[in-house]
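The values are calculated or read from the model by the stated rules, or taken from the named source; none is laboratory data. Predicted model, so just to flag it, every value in this text is computed and none were measured. Cβ: placed from backbone, ideal geometry, glycine included. Neighbour counts: every protein chain shown.
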Ligand SMILES: Cc1cc2nc3c(=O)[nH]c(=O)nc-3n(C[C@H](O)[C@H](O)[C@H](O)COP(=O)(O)O)c2cc1C
């Protein structure tokens with residue numbers, strides 16, 4: 001049943017993103033700029049219904065991209081089980097600083113969002129990154145997906161299914177891989 005598989009996909013994602021070193025903790029996030037796609041790896045922080053939370057620096061290129069074109073794709077790959085999950089949707093940027101959330105981030109990780117120069121700026125040496133604790137550029141990307149394409153490579157037959165969120169309800173079918 002495609003609906004049972006969908007339940008399984010959501011459970012797999014929920015467990016994976018909360019498990020250290022699980023392949024689903026990381027995903028490739030695609031944005032579009034001037035008709036050209038760009039992908040980058042991100043850490044998946046949370047999944048709640050059909051919204052996934054990602055943390056980033058508000059000065060990154062992806063934030064500029066999503067501000068101009070909200071369309072996005074997030075790709076998960078479990079290389080141990082050869083399972084691929086492609087999600088399609090849109091990204092909104094949540095810059096509302098939540099001090100409680102900020103305080104849950106380790107001091108070392110907080111540095112990623114407080115660099116003196118914006119991510120992508122040219123420097124002479126990797127050592128030459130300075131931090132300004134008082135200038136926090138932390139923000140959340142909220143990726144809301146409405147389409148899922150799932151593929152599992154296995155014998156005797158591969159399993160592929162696609163789902164669309166329509167009227168708040170996931171409709172899906174198995175399809176030819
Ligand atoms: C394993 C891994 C995890 C990453 N996680 C994040 C992340 O959660 N958020 C983020 O903004 N960048 C993350 N990055 C860095 C991005 O891939 C990217 O280099 C950076 O965000 C700048 O992207 P942009 O210039 O396309 O916006 C991660 C990179 C790797 C290799």
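Could you grab me the full set of residues in the stretch 87-102 that are out of contact with any helix residue (DSSP H, G or I) (no Cβ under 8 Å at 6 or more places or on another chain) and over 10 Å from residue 145 (Cα atoms)?
Across the stretch 87-102, the qualifying residues are 94, 95, 96, 97, 98, 99, 100, 101.
Only one of 98, 94, 149 is touching a strand residue (DSSP E or B) at 6+ places or on another chain (Cβ under 9 Å) and within 16 Å of the ligand (Cβ to nearest atom); which?
None of the others qualify; the one that does is 94.
Condition check ((1) within 13 Å of the ligand (Cβ to nearest atom); (2) at pLDDT 95 or above; (3) on the phi < 0 side of the Ramachandran plot) across all residues:
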{"position": "4", "(1), (2), (3)": "no, yes, yes"}
{"position": "9", "(1), (2), (3)": "no, yes, yes"}
{"position": "21", "(1), (2), (3)": "yes, no, no"}
{"position": "24", "(1), (2), (3)": "yes, yes, yes"}
{"position": "32", "(1), (2), (3)": "yes, yes, yes"}
{"position": "38", "(1), (2), (3)": "yes, yes, yes"}
{"position": "51", "(1), (2), (3)": "no, yes, yes"}
